[in-house]
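J.: Quick one: the structure is below, and I'll ask about it shortly.
The values are calculated or read from the model by the stated rules, or taken from the named source; none is laboratory data. Since the structure is predicted, the reported quantities are computational estimates derived from the model, not experimental observations. For neighbour counting, all protein chains shown are included, and Cβ atoms are generated from backbone atoms with ideal geometry for every residue, glycine included. The area values use the complete protein model at the heavy-atom level, side chains included, leaving out ligands, DNA and RNA. Shrake-Rupley method; radii C 1.70, N 1.55, O 1.52, S 1.80 Å.
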Amino acid sequence: MKAVQIVKPEQLEIIEVEKPVLDTKNNVLVKMTAAGICGSDVGIYHGTNAAATYPRIIGHEMVGVVAEIGSDVTHVKVGDRVIVNQVTSCGTCYPCRKNRGNVCDHLAARGVHIDGGFREFIAVSESDCYILPDSISDQDAVMIEPTTIAIQSCSRAGLEQDDMLLLYGAGALGSSILRIARQMCDHIIVADIMDDKLEEAKAAGAKYTINTAKENFLEKVLEYTHGRGATVSIDAACVKDSLLNLLKATGNAGRVVTMGFSTAPTVVNQFLITSKELEVRGSRLQNKMFGKAIELIKAGKLDLSGSISHTYPLIKAQEAFDFIDSKDPSIRKIVLTFDF
Ligand code: MN
C-alpha cells in the first residue's frame, strides 16, 4: 500500500509499505478515505515541529471505514465510518492516572511520534475509533480533529457563560476555537492582524474584533471589557509577543491558555501573573474530546461543512504541500483522498 513519508525535513516521498496486520493492541483495520493536512504536518515537512521524529508517515486527521476487526472487538463493526483518535498514551503514568493521557509521560501522537494516517490502511485499537454520524461526509469529518483541539482549549480555559473571552488569532485554530467558545459564552473578543479573518470572526459570532496591526490592542481590550480586562484569554496565534500581551490584557483572577510550540524564549514578568493571580495553562492536543465533538454534530449544534477548500489524491501529496506553501488566499482545509 502507499503512504506519504517525510523522510527528513523538506523531503516528502510516496513510499510502498506493508499493509498493517491486526494484533491484540491494534485490533481494528481502518481503510482511510479522507485525511486532513494540518499546519503541524506542514511544520513536520519543513522541519519546524520540535516534537516530530523522522522518518515519519504523517497525518493525524484520519477518517476511514472499518475494513477488518479482531475477534475481541465489540464496539465497531466492518463497514462503520470512523474518525481515529490521534493520541496514544500508556495508561499508567502520573498524567494518565490523573486522566490526562494527552500529556502522558510516554505520549505518542499519530503522525508525529509514531506513524499516522497518510496511508491506505491503519491499524488502531477499537477504543481509538469513533463512529461518525450519517449527517457528516468523510471529507468534512476530518474537521472533527481540529474541533477536538478547540474543545480542549475551552475546557482548559474553564470557559463559562459569564466569561469575557479574548481569543488571540483568527486563523484555522482561532476559528475552530471561536466555533466552540460561541456555544459557551457571548462576550468574545477576537484579535488578529488580518481584516478579512476578523470579518469572518464577526460573522461567526465574535462580539468585538481588534486589528492588532492598526489598533491599540490593550486599550481596545479594556474598552471592550468594561475597563477590567478579559476573564479568559486563549492564544491561538502563538507568536512572539502573544503571551506577554495576553498576560497584560487579562484581568484579576483570569486564566491564560497557551497553545504554541515555539521553543524561542519570550520575555514575561512575574508581577503580571502574581499581582492578578493569573492562571497560565497549557493546552495540548485533546483529552478524549472526539465523543463531545460528535455529540455536538448529532445535536445539530456544530456544522463542519464548508471548511474544505481543496482535495488531492494521496499520491499527489507533494502538489498539495507545494500549494499550501504558495499561501494562496483560497486555501482553507486541504484533504487527501484515497481513490486513485
Ligand atoms: Mn490537526
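J.: For the range 148-282, what is the accessible area per residue in Å² when the probe is 1.4 Å?
T.: 48 Å²
J.: Something else now. So what J values fall out for the range 297-309 if you push phi through Karplus, 6.51 cos²θ - 1.76 cosθ + 1.60 with θ = phi - 60°, rounded to Hz, Gly and Pro as x?
T.: Using θ = phi - 60°, the values come out as 5, 4, 7, x, 8, 9, 10, 9, 6, x, 8, 7, 9 Hz.
J.: For a quick check of understanding: with a 1.4 angstrom probe and all protein chains in place, what accessible area in square angstrom does E319 have, to the nearest ten?
T.: In the full protein context, E319 sits at about 100 Å².
J.: Order R255, R228, R284, most accessible first, counting only protein heavy atoms with a 1.4 angstrom probe. Spell out each step's value before the answer.
T.: Numbers: R255 40, R228 100, R284 70 Å².
Largest to smallest exposure gives the sequence R228, R284, R255.
J.: Under 5 Å between amide H atoms, partner at least 5 residues away or on a different chain: which partners does T33 have, H built in plane at 1.01 Å?
T.: V63, G64, V65
J.: What does the extension gain come out to for D162 and R228, with contour length at 0.36 nm per residue minus their alpha carbon separation? All intermediate terms of the calculation are to be shown ahead of the outcome.
T.: Working: separation 66, 0.36 × 66 = 23.76 nm, distance 1.40 nm.
Here the segment from D162 to R228 would lengthen by 22.4 nm.
J.: Let me ask another. Show me the GluC sites (Glu not before Pro) within the range 1-36 that DSSP assigns to loop and that have at most 12 other Cβ atoms within 10 Å of their Cβ.
T.: Numbers: sites: E10, E13, E16, E18; in loops: E10, E18.
Passing both the DSSP loop test and the Cβ count: E10, E18.
J.: Per-residue ellipticity at 222 nm for the chain, helices alone: DSSP H runs ≥ 4 residues times -39500 (n - 2.57), over residue total, nearest 500 deg cm²/dmol? Don't jump to the answer; show the numbers that get you there.
T.: Working: 11 runs with 90 residues, N = 340.
Calculated from helices alone, the mean residue ellipticity at 222 nm is -7000 deg cm²/dmol.
J.: Let me ask something else. How much area per residue is accessible in the range 1-49 when the probe is 1.4 Å and only protein heavy atoms are counted (Å²)? It would help to have the intermediate numbers written out before the result.
T.: Values: 2330 Å² over 49 residues.
Dividing the accessible area of the range 1-49 by its residue count gives 47 Å².
J.: Now, a different point. From the phi of every residue in the range 230-238, what ³J(HN,Hα) in whole Hz does the Karplus formula 6.51 cos²θ - 1.76 cosθ + 1.60 yield, where θ is phi - 60° and glycine or proline is x?
T.: The phi angles translate into 5, 8, 9, 10, 10, 8, 9, 9, 6 Hz.
J.: Sort S127, S40 by heavy-atom solvent-accessible area, probe 1.4 angstrom, most to least. Could the numbers behind the result be given before it?
T.: Values: S127 75, S40 40 Å².
From most exposed to least exposed: S127, S40.
J.: Carbon and sulfur together cover what percent of the accessible area of the range 148-282 at a 1.4 Å probe radius? Walk me through the intermediate numbers first.
T.: Values: 3390 of 6430 Å².
In the range 148-282, the share of accessible area belonging to carbon and sulfur is 53 percent.
J.: In addition: At what distance in angstrom do the alpha carbon centres of the range 19-79 and the range 122-148 lie from each other?
T.: Taking the Cα centre of each part, the range 19-79 and the range 122-148 sit 11 Å apart.
J.: So which trypsin sites (Lys or Arg not before Pro) in the range 42-123 are both in a DSSP loop and have at most 11 other Cβ atoms within 10 Å of their Cβ? Walk me through the numbers on the way to the answer.
T.: Working: sites: R56, K77, R81, R97, K98, R100, R110, R119; in loops: K77, K98, R100.
Sparse-neighbourhood loop trypsin sites (Lys or Arg not before Pro): K77, K98.
J.: Sticking with this structure for a sec: Enumerate the whole-percent occupancy of each 10 Å bin, from 0 to the last occupied one, for all C-alpha pair distances of the range 148-282.
T.: 13, 50, 33, 3
J.: Residue by residue through the range 187-200, which ³J(HN,Hα) values in whole Hz follow from phi under the Karplus form 6.51 cos²θ - 1.76 cosθ + 1.60 (θ = phi - 60°), with glycine and proline marked x?
T.: These are the phi-based 3J(HN,Hα) values: 8, 10, 10, 10, 10, 7, 9, 10, 4, 5, 5, 5, 5, 4 Hz.
J.: State whether the range 110-168 is rounded, prolate or oblate according to the following rule on the C-alpha gyration tensor (a ≥ b ≥ c being the square roots of its eigenvalues): a/c under 1.5 gives rounded; otherwise a/b larger than b/c gives prolate, and the remaining case gives oblate. List each step's numbers first, then the result.
T.: Working: a/c = 2.54, a/b = 1.86, b/c = 1.37.
Prolate.
J.: Give me, ordered by chain and number, the residues 5 or more places off T250 or on other chains with an amide H under 5 Å from its own placed amide H.
T.: A230
J.: About the Cα centre of the range 148-282, what is the dipole size in debye to 20, counting +1 per Lys and Arg Cβ and -1 per Asp and Glu Cβ, all else neutral?
T.: 220 debye
J.: Taking amide H atoms as placed 1.01 Å from N in the peptide plane, list the residues 5 or more away in sequence, or in a different chain, whose amide H sits under 5 Å from that of E68.
T.: So E68 has HN proximity to L29.
J.: With a 1.4 Å probe and every protein chain left in place, tell me how much accessible area I131 has, in Å² to the nearest 10.
T.: Only protein atoms counted, so the area is about 70 Å².
J.: Also, I was wondering about something else. Which of the three applies to the range 5-114, rounded, prolate or oblate, going by the alpha-carbon gyration tensor with a ≥ b ≥ c and a/c under 1.5 meaning rounded? Intermediate values should be presented prior to the final figure.
T.: Values: a/c = 2.02, a/b = 1.18, b/c = 1.71.
Oblate is the answer for the range 5-114, as a/c is 1.5 or above yet b/c matches or exceeds a/b.
J.: Give the residue list of GluC sites (Glu not before Pro) in the range 263-302 that are DSSP loop and have at most 14 other beta-carbon atoms within 10 angstrom. Before the final figure, lay out each step's value.
T.: Working: sites: E277, E279, E295; in loops: E277.
Passing sites in the range 263-302 are E277.
J.: Here's something else I'd like to know. In debye to the nearest 20, how big a dipole does the chain give about its Cα centre with +1 on each Lys and Arg Cβ and -1 on each Asp and Glu Cβ?
T.: On the way: 36 positive and 42 negative charges, 169 e Å.
So the magnitude is around 820 debye.
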